[in-house]
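Report on one structure; see the data block that follows.
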């Protein structure tokens, strides 16, 4: 190997460049090329360069709707070789999408062969498929041969391509667009062409029309796959006013009876751009993971139309709750974003409102109209000049023939003799002998008169804004009639509805498999959920030095309330409890509780039930369990506790009408429950007065049934109303010593 060349000592031709500036310049160039040439559509024709080049190449190949099909490989080859120097796969993918009636609301390409399906299967290779243009593509090209738009050299300067298409169809909003550029993105859902034409006509009539006025015509998106939009009118209005927002789209479904009281749900339309096969796979996975307890089975019975059958677990299931659970967990409901970020005027990336997008399209239509009119006017003037020369020749036919036969320079002689222009003289010399018929003279006069009238019309059109807008309105009406809602293609597919207003709890419950569970809390605060309803929780094993504090039965769909000694209420879901295989997990991992506090009690929440809350100092009040529910780990403060006091009891009220409270001093007091106030939060009122100590136990009972207690041996005792007179009193009294036979534990349950 030779020695590496040394850099010249004086620096030579090496030019030092600041790295930061160089990177900025190059990255900006890349960003601009991505924004302008790849990701964002032009507001005027709604196309990106690749789509525009595909349509233009098909026009050059004369693939009109009435002509035969050509192989897609031929079309892609022409696009790549002449106009779009990128990969053939990217061009073919873009072309396939323009032919898919489930991807594009108004396809620009009429495809023959396998162009993919809604299940997500890809199209056949380009050598197998064929294509031609649709009427929509022809509308986009209308007037392109009449100098309607500018052309620019192609990438190799061997040919020319249009900068933008004339776009007589409101393609940007009708077919939508999506793309990701550098630092910006676009997402425009498809709309109904007839509605857009109505809104455009309103704008022509009233240029300062508001978004509200336009939304009387444009109801919202119209997806090729149908579906139901469940957003409020206010949200839809806001999205179109600002150009940013989104739409919640749900599958369309109906309940179908299958006899003997059984039913199934049949989904006939799925949201836009959702692959049906992947959607069903996802639901099957959720079914196996037991995340959809209301669902028994799902199967795809689709042929050409979508038909997904959903079987409920039982006939008693509410179909709306079943579907609501599916909407929450699957792509049966999706959010389609709206971000109308487009190239305004073909140059500036800008987020446009509905009104601005339609206005720019109409402004482009006006420019196309004016350019076509000027082009036609120039053609008329050229033809009038030639026809006027022909008429002179016919009036002096013998002299013209003589000059042509006898003169050496007939053209110059004719120009002098009849005051003809060079163009007229050349046209006469090139005229065929068969044109000398007498009939031809009448036809020339008729043509001259017709062209003169048309010239006056075009001049009047170019000189009048009113006439221009009138002509544009006529063209827009023609498009509206072609794609009216009465036609199969133009009929609105997406409907609007309000989402059913089901309670959140109903839907959450529907997502949980309903199973029995035993909630177990140890003395040291370890919590677990044992499967099934255990009959003897005392037989459970615990860590060394630990034991059972409380255990109760619940269902996995239940909410559990735990009350701390500090007077806070915490809510946990029974299905989220740690499994019963181990010794459980500390409850402090699930709730935020102060270190000096502990769990006083726990139970299954019943929003309809009342409980008597009692602190260790004998203060208390009645509270509803609905007030105890909370959605955070911090819980909810219910009882205001001061000093060394603590919350001790949360006794269910049930049908009880009297309170029996016993103190650590073994004094019992019985008083009416009506003397205790019901509160949402507070310290409460004094239930029993003590000199020393505090409350030992409390219960709420129905006086007609008497007061009952159980001793340590399990024997039950009941004192009737007459036998309780000695202990009857009012709230806040001290009470009297307990009756004979009351348990030594000082508890109503010994």
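We did not get these values from a lab; they are worked out from the coordinates using the rules stated. Note that the structure is predicted; figures quoted are calculated from it, not measured. All Cβ positions, even for glycine, are placed from backbone atoms using ideal geometry, and neighbour counts span all protein chains on display.
A simple spin-label model places the labels of residue 606 and residue 495 4.2 nm from each other, with each point 7 Å out along Cα-to-Cβ. Spin-label model, residue 406/residue 38: points 7 Å from Cα along the beta carbon direction are separated by 7.6 nm.
Straightening the chain between residue 278 and residue 350 buys 22.4 nm, computed as 0.36 nm per residue apart minus the Cα-Cα spacing. Model label sites at residue 329 and residue 573, defined 7 Å from Cα along the beta-carbon direction, differ in position by 1.1 nm.
What FRET efficiency comes out for the pair residue 745/residue 680, r = Cβ-Cβ distance, R0 = 22 Å, nearest 0.05?
Values: r = 33 Å, r/R0 = 1.51.
That pair, residue 745 with residue 680, gives E of 0.10.
I'd like the distance between the alpha-carbon centres of the stretch 149-164 and the stretch 401-434, rounded to an integer number of Å. If you average the Cα positions of each part, the centres end up 40 Å apart. The antiparallel fraction among DSSP beta bridges confined to the chain stands at about 90%. Taking each residue as 0.36 nm, the span from residue 300 to residue 26 lengthens on full extension beyond its C-alpha to C-alpha distance by 93.5 nm.
Efficiency by 1/(1 + (r/R0)^6): what FRET value for residue 542 and residue 17, r their Cβ-Cβ distance, R0 = 60 Å, to the nearest 0.05?
Values: r = 74 Å, r/R0 = 1.24.
That gives a FRET efficiency of 0.20.
Which order do the peptides 64-73, 187-196, 357-366 take when ranked by the mean count of other beta-carbon atoms within 10 Å per residue, highest first? All intermediate terms of the calculation are to be shown ahead of the outcome.
Numbers: 64-73: 14.7, 187-196: 24.6, 357-366: 21.0.
Going from most to least packed, we get 187-196, 357-366, 64-73.
May I ask you to derive the FRET efficiency for residue 379 and residue 101 from their Cβ-Cβ distance with R0 = 45 Å, giving the value to the nearest 0.05? Working from the Cβ atoms, E equals 0.70. A straight chain from residue 69 to residue 125 at 0.36 nm per residue would run longer than the Cα-Cα distance by 18.6 nm. Taking the centroid of alpha carbons for each part, the stretch 547-584 and the stretch 33-53 are 59 Å apart.
Sort 241-252, 276-287 by packing, meaning the average of other beta carbons within 10 Å per residue, with the highest value first.
Values: 241-252: 20.2, 276-287: 16.4.
Descending packing order for the listed peptides: 241-252, 276-287.
Contact order, relative form, for the stretch 189-279: 24 percent (alpha carbon pairs under 8 Å, 6 or more residues apart, mean separation divided by residue count). Among (i) 1.24; (ii) 1.01; (iii) 0.95, which one is Rg/Rh (Cα atoms, Kirkwood Rh) computed from these coordinates? The value computed from this structure is option (i).
For the stretch 530-591, what does the alpha-carbon gyration tensor say about shape, rounded, prolate or oblate, given a ≥ b ≥ c as the root eigenvalues, a/c under 1.5 as rounded, and a/b over b/c as prolate? Display every interim value, and only then the final one.
On the way: a/c = 1.64, a/b = 1.20, b/c = 1.37.
Since a/c reaches 1.5 but b/c is at least a/b, the shape of the stretch 530-591 is classed as oblate.
Is the stretch 553-663 best put as rounded, prolate or oblate by its Cα gyration tensor, with a ≥ b ≥ c the root eigenvalues, rounded for a/c under 1.5, and otherwise prolate when a/b is larger than b/c, oblate when not? Cα axes put the stretch 553-663 in the oblate bin.
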